[in-house]
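Starting off with a structure, shown below.
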Amino acid sequence: RPAPSVTGIPVSGIHNGGRLHFGPDGFLYASTGDGAQRALSPNLRSLAGKILRMTTDGKPAPGNPFPNSLVWSYGHRNVQGLAFDDEGRLWASEFGQKTWDELNLIEAGENYGWPEVEGIAEDDEFIDPVLQWSTDEASPSGIAYARDTIFMAGLRGQRLWQIPVPDGSAGEPEAFFDGEYGRLR
């Protein structure tokens, strides 16, 4: 059995993140949930509630925003989807708690607010999501990017969201298959 590449990510019965995606830069990006320990998300010493960026052997990638750290962004609750657009921008879908689910445009070294805020806060301390949905409309799982569009599956929302994202800005989302196929992942 091979040795693990990364250790120290808190695990729980919920909020484990777990999305993996190789970026156009050749590095591996991994989402981690808060592991049902909210206070870990903003803590830069913890790997919980983060998007991590690493080499294929699990070491911090060159150019990461925090020295000798895997952390690329923090303050996440439970990122379920990662996708890169044609310009190399990283998009992430994130489960909210009770109020807002999010689509975020990820910036290196930035705090996305959890657990202090959920959804758009308009607080300079945090990065706001580019879009938010009530948790009954989304509970987003995976996302994919194609032709200036993000496609985001909804678990509780039981629909597929099509979101135009030309030039890194989000347009009006449109829902498809609303309730037709149950939970989409």
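Within a Cβ distance under 14 Å of F84, other residues only, what is the Lys/Arg minus Asp/Glu net charge?
Residues near F84 contribute -2 overall.
I've got another one for you. Taking Cα extents along the principal axes in Å straight from the coordinates, which label in (1) 47, 36, 35; (2) 63, 29, 29; (3) 43, 42, 33 is the correct one?
The calculated read-out lines up with (3).
If I build a Gaussian network model for the chain, linking alpha-carbon pairs within less than 10 angstrom, which residue out of T135, T55, T32 has the largest mean-square fluctuation?
Largest GNM mean-square fluctuation: T55.
Additional query: How much accessible surface does M152 have with a 1.4 Å probe, in Å² rounded to 10?
Surface open to solvent at M152 totals about 0 Å².
Order Y74, Y29 by their accessible area, 1.4 angstrom probe, all chains in place, largest first. Display every interim value, and only then the final one.
Numbers: Y74 40, Y29 10 Å².
Descending order: Y74, Y29.
Roughly how many nanometres apart are two label points built 7 Å out from the Cα toward the Cβ at L20 and D57?
Inter-label distance under the simple model: 1.8 nm.
Could you give the size of the charge dipole of the stretch 47-106 about its Cα centre, using +1 on the Cβ of each K and R and -1 on the Cβ of each D and E, expressed in debye and rounded to the nearest 20?
Using only the charged Cβ atoms, the result is roughly 300 debye.
Leaving out ligands, DNA and RNA, what percent of the accessible area of the chain is carbon and sulfur, probe 1.4 Å?
Looking at the chain in its full context, I get 47 percent from C and S.
Before I look further, what does the stretch 26-112 give for accessible area per residue, probe 1.4 Å, in whole square angstrom? Show your work: numbers first, answer last.
Values: 3280 Å² over 87 residues.
Each residue of the stretch 26-112 exposes 38 Å² on average to a 1.4 Å probe.
Assigning unit charges at the beta carbon (Lys, Arg +1; Asp, Glu -1) and nothing else, what dipole magnitude in debye, to the nearest 20, does the chain show about its Cα centre?
My answer is approximately 1160 debye.
So how exposed is S69, as accessible area in Å² (1.4 Å probe, rounded to 10)?
Solvent-accessible area, nearest 10 Å²: 20 Å².
Taking the Cα centre of the stretch 107-185 as the origin and placing charges on Cβ (Lys, Arg +1; Asp, Glu -1), which of I120, G182, P166 is farthest toward the positive end of the dipole?
It is G182.
If you add up the charges near P42, with Lys and Arg at +1 and Asp and Glu at -1, over every other residue whose beta carbon is less than 15 angstrom from its beta carbon, what do you get? Mind dumping the intermediate values first?
Numbers: positive: R38, R45, K50, R77; negative: D34, E94, E110, E116, E118, D123, E125.
Local charge sum for P42: -3.
Now for a separate question. Sort T99, T7 by accessible area with a 1.4 Å probe, largest first. If you can, show how the numbers build up before the last one.
Values: T99 70, T7 95 Å².
Solvent-accessible surface, decreasing: T7, T99.
Along the charge dipole of the stretch 21-94, which of F27, A92, G58 sits closest to the positive end, that is, farthest toward it, with unit charges on the beta carbon of Lys, Arg, Asp and Glu (+1, +1, -1, -1)?
G58
Got a sec? What order do D85, D136 fall in by accessible area at 1.4 Å, biggest, i.e. largest, first? Don't skip to the end; give the middle numbers.
Details: D85 10, D136 80 Å².
Listed by decreasing accessible area, they come as D136, D85.
Turning to a different aspect of this structure: Return the sequence-ordered ³J(HN,Hα) values of the stretch 116-128 in whole Hz as given by the Karplus equation 6.51 cos²θ - 1.76 cosθ + 1.60 applied to θ = phi - 60°, using x for Gly and Pro.
Using θ = phi - 60°, the values come out as 5, 9, 9, x, 6, 10, 6, 10, 4, 6, 10, 8, 6 Hz.
The values are calculated or read from the model by the stated rules, or taken from the named source; none is laboratory data. Predicted model, so just to flag it, every value in this text is computed and none were measured. Reconstructed Cβ throughout: ideal geometry from the backbone, glycine too, with neighbour counts over all protein chains shown. Surface areas here come from the heavy atoms of the whole protein model, side chains and all, with no ligands, DNA or RNA. Shrake-Rupley method; radii C 1.70, N 1.55, O 1.52, S 1.80 Å.
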